[in-house]
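Read-outs throughout are calculated quantities, based only on the coordinates presented, and are distinct from any laboratory measurement. Because the structure is a prediction, the values reported are computed rather than measured. Counting neighbours? That spans all protein chains shown, and the Cβs are built from the backbone with ideal geometry, glycine included.
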Amino acid sequence: MFARFVVPTRASAARFAATQYRFASTKSLRDTLKDIIPAKQEQLKKLKTEHGQTVVGDVKVENIIGGMRGLKAMLWDASVLDPIEGIRFHGLSIPDCQKVLPPAPGGKEIIPESMLWLLLTGQVPTSEQTRQLSRELAEKGDLPKFVEQLVDELPKTLHPMTQLGIGVAALNHDSAFQAAYEKGMKKTEYWAPTLEDCLNLIARLPALAARIYRNVYKPGTELPAINKDLDLVGNYTNMLGYGSNQNLTEYLRLYIALHGDHEGGNASAHTAHLVGSTLSDPYLSYSAALFALAGPLHGLANQEVLRWQLAMQQELGDKITHDDIRDYLWKTLKSGQVVPGYGHGVLRNPDPRFIALQEFCQARPELKESPIVQLVNKTFEVAPDVLKEHGKTKNPYPNVDATSGCVLYHYGLTEFKYYTVIFGVSRALGALTQLVWARALGLPIERPKSLSLDALEELIKNQKQ
Ligand code: CMX
């Protein structure tokens, strides 16, 4: 049996679309990585020695005072975000991934395990490789007792994202990286225990996230044991108490897989990279990333979208017209708030992840008829024109968060303060796989140069002379 090998460039992605992809022999995840790492290390070495002085772009004052927007200053191999076309994972667009990444047995949608394999290796796994990875994650998925006790003791009023960050940080008790580092490991060996930590963390996230959900919203209910024959999301939805809902399970598989990576500069992925660059272990690095994700301009937007759409529904009633929505959008903007789920730091078109999730809804009659899904659709028909007229945002189109929560809401997972936790289960795929690569490539501690306002003025004055 063979795994398809993906060549990670845009041109090759087009060739890929024409199904001309190469094949590599089937191997375990660890052996696959062992094979790939030397060539990547060589590629990096060559870039460093032969092209270290090549200029990539200018740094303008607007980059420094504008959140480094657009500055090409970070290495990230797994995915690239094109402003118009959207995300490609190792060269593959979302429709490409939907064609080739193996689903769960009996399912149709991409699953996080196949996305994880792609992000980590640049290769499309076979169904058997995906199954093996599912089994490995299920076997590693139980939480240590002390972490269960720790999260059980947290106040139910503490935001679920804070609870998730605390739980993830505490998992570093068992960090293989930290233990090996203390023993005195060589730099070339860093990636192997990092990989073990990353897989352990990805495996344990569903149990941790489900436990937080149970504690906060369904106290007193039993948490089912992890079923070794189920995939990661199959187990997650089971533990959340929605295991019998196949549509919700399939939706979460797709959502978690697609949300896994969005190149390196977004706040959560970048935080994981920055903290990881100090050789903090993967648990601490990802815990930090979760707190970046918990901001309303980033991951918390999915909670904010639902809050905003429901407030709109409550104010305007059941028969909402396009004009009603237009007025409501203006009311939001005039009150100085952002329209949640719209705009993006990089994208300048509707987010293809938004489109993929919308397509999921359109293919299912009960979702197509759902009032909350319809309201999200109707908002999409009006909001871009209003935002264009408003004239501030560089991207008047929806991002993925505009739609991600409405399906959960429709199927009864209505506790929208929990939605960013699901995003947190997902973003681990990209942030952690790239941490493995940062260690494999021996990337240094991150340390950009900062400038004061006075120093900037001085620099400008000197350039004018
Ligand atoms: N509604 C109203 N105003 C918006 C807006 C929106 N949806 N999006 C951007 N703007 C405003 C910005 O606040 C900014 O205003 P000021 O000049 O007064 O500061 C101006 O338009 C220019 O911003 P931009 O360059 O287009 O966008 P940024 O790169 O600065 O910010 C983002 C990107 C996502 C934070 C912003 O579009 C936003 O706040 N969107 C709403 C929140 C949201 O949906 N976040 C989720 C993003 C996806 C994710 O990370 O998960």
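Brief remarks on what is shown
- Inter-probe distance in nm under a simple model that places probes 7 Å from Cα toward Cβ, at N245 and L158: 2.7 nm
- On the basis of the beta-carbon distance and an R0 of 45 Å, T26 and K72 show a calculated FRET efficiency of 0.80.
- Mean-position separation - Cα centroids, region 427-465 and region 184-198, in angstrom: 24 Å
- You can think of it this way: the chain between T221 and D35 has 62.4 nm of extra reach, that is 0.36 nm per residue less the Cα-Cα gap.
- Length gained on full extension, K108 to L44: 19.3 nm, using 0.36 nm per residue less the C-alpha separation.
- Residue-count net charge about D401 - beta-carbon cut-off 13 Å; Lys, Arg +1, Asp, Glu -1: +1
- Computed over neighbours whose Cβ is under 12 Å from that of M74, the net charge equals -2, Lys and Arg +1, Asp and Glu -1.
- Extent of the chain along its three principal axes (Cα atoms, max minus min coordinate, largest first): 70, 64, 51 Å.
- With a cut-off of 11 Å between beta carbons, the residues surrounding G52 carry a summed charge of +2, where Lys and Arg count +1 and Asp and Glu -1.
- Straight Cα distances below 21 angstrom link K464 to the lysines K60, with same-chain residues fewer than 8 positions distant left out.
- For K368, the lysines whose Cα comes closer than 22 Å to its Cα, not counting residues fewer than 8 places off in the same chain, are K108, K319, K378.
- Here is how the number arises for the chain: DSSP H runs of 4 or more residues each give -39500 (n - 2.57), the sum is divided by the residue count, and the result at 222 nm is -18500 deg cm²/dmol.
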